[in-house]
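What follows is calculated from the coordinates using simple rules that are stated; it is not laboratory data. Just so it is clear, the structure is predicted and the values come from calculations on it, not from any experiment. Glycine gets a Cβ as well: all are built from the backbone with ideal geometry, and neighbour counts include every protein chain shown.
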Amino acid sequence: MAEKMKIIPLGGLNEVGKNMTVYEHGGEIIVVDCGMGFPDGDMYGIDLVIPDVTYLVKNRNRIRGLFITHGHEDHIGAIPYILKQVNMPVYCTRLTAGLIKLKLEEHGLTKQTKLITVEAGEMIRVGKFYVEFIHVNHSIADSVAFAIHTSMGVLIHTGDFKIDSTPIDGDVIDLGRFGELGKEGVLALLADSTNVERPGYTMSESIVGRTFDRLFTGCKQRIIVTTFASNVHRIQQVIDAAAAHGRLRAEGGRVRAEHGEHHEGGHGAGVHEAPQEHRGRPE
Ligand SMILES: [Zn+2]
């Protein structure tokens with residue numbers, strides 16, 4: 001019988017959120033991402049939406065691992081709920097692992113979960129799959145795409161990405177590696193990026209820093225900035241602008257407070273660097 005490759009999306013297609021894709025080959029399964037979705041207006045009393053994993057539960061003994069592209073909720077939010085139904089090792093980069101760990105702690109799953117940290121550029125073998133981590137730019141640090149090498153060929157699963165030639169951490173998306181894989185030949189490319197159907201380019205994240213600088217200049221009043229708590233590069237840019245303009249800084253928000261506690265032992269200041277004198281409280 002000819003070899004077969006099955007790609008089964010359990011969520012994330014034609015919708016924002018709930019990203020989860022199953023790859024099945026040679027009787028073995030790997031899963032990419034495990035996100036939550038947001039309830040529609042008519043889902044009264046429902047706080048979050050998770051993928052239907054009946055297929056995984058039925059085939060649990062054939063699953064080799066869960067690979068996570070990045071730490072956004074729509075890619076990791078369902079992890080604790082799904083792991084309670086199907087336990088599997090989780091492979092991801094360092095920041096993503098940190099965010100997942102908070103969820104595992106909250107749900108008391110730390111002990112029974114194998115959380116394995118992998119760096120971009122590395123390749124992990126699980127069963128018949130070789131999964132290569134490739135660095136990409138996105139609005140959260142430590143994001144990766146996967147090149148899934150199999151005996152049938154290579155599949156590329158990009159996850160969310162953006163091509164930023166001047167990212168904040170200076171670490172540009174590894175287009176070279178995508179080029180190499182393209183030359184060698186790719187069986188299928190699964191690409192996902194919000195607004196991908198809109199023509200043109202997305203501005204580099206460093207433009208945001210310059211914009212902050214312009215807005216902070218000459219402002220005498222209190223400045224309030226809102227952002228996703230996971231966008232650590234953007235928060236760093238706010239902190240840099242605050243420091244450069246001699247501003248005291250105060251942070252609020254539920255997720256922000258959680259992140260801060262875990263990264264800095266309760267100071268609530270998060271993973272960022274700022275001179276001590278710029279850490280402040282609202283007057
Ligand atoms: Zn994302």
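In this structure, the amide hydrogen of K162, modeled 1.01 Å from its nitrogen in the peptide plane, lies closer than 5 angstrom to those of N137, H138, counting only residues at least 5 positions away or on a different chain. When the C-alpha to C-alpha distance is required to be over 26 Å, the pairs from K6/K101; K18/K84; K4/K114; K18/K183; K162/K183; K58/K128 that qualify are K6/K101; K4/K114; K18/K183. When the square roots of the Cα gyration tensor eigenvalues are ordered a ≥ b ≥ c, the ratio a/c for region 48-159 is 1.5 or more and a/b does not exceed b/c, which makes its shape oblate.
In order along region 110-120, the phi-based Karplus estimate (6.51 cos²θ - 1.76 cosθ + 1.60, θ = phi - 60°) of 3J(HN,Hα) comes to 4, 5, 8, 9, 8, 10, 10, 8, 10, 9, 4 Hz; Gly and Pro are listed as x. In this structure, E15 and S165 have a Cβ-Cβ separation that, at R0 = 51 Å, corresponds to a calculated FRET efficiency of about 0.95. Site pair M5 and M123 shows an inter-label distance of 1.5 nm when each label is modelled 7 Å from Cα along Cα→Cβ. Net charge dipole, the chain: roughly 360 debye, given to the nearest 20, about the Cα centre with Cβ charges of +1 for Lys and Arg and -1 for Asp and Glu. Taking 0.36 nm per intervening residue step and subtracting the Cα-Cα distance, what contour gain separates R94 from I207 on full extension? Residue separation times 0.36 nm, minus the Cα-Cα distance, leaves 38.1 nm. Residues whose amide H falls under 5 Å from that of L190, counting only those 5 or more places apart or on a different chain, are I156, H157, T158, with hydrogens built in the peptide plane. For the options L155, L175, L99, a Gaussian network treatment of the chain with springs between C-alpha atoms closer than 10 Å singles out L175 as fluctuating the most. Helix 205-216 and the long axis of the chain differ in direction by around 20°, with both axes built from C-alpha atoms.
Taking the helices alone, the chain has a mean residue ellipticity at 222 nm of -7500 deg cm²/dmol, built from -39,500 (n - 2.57) per DSSP H run of at least 4 residues and averaged over all its residues.
Here the Karplus relation 6.51 cos²θ - 1.76 cosθ + 1.60, evaluated at θ = phi - 60°, turns the backbone of region 63-74 into coupling constants of 7, 9, x, 10, 10, 10, 6, 6, x, 6, 4, 6 Hz, with x for every Gly and Pro.
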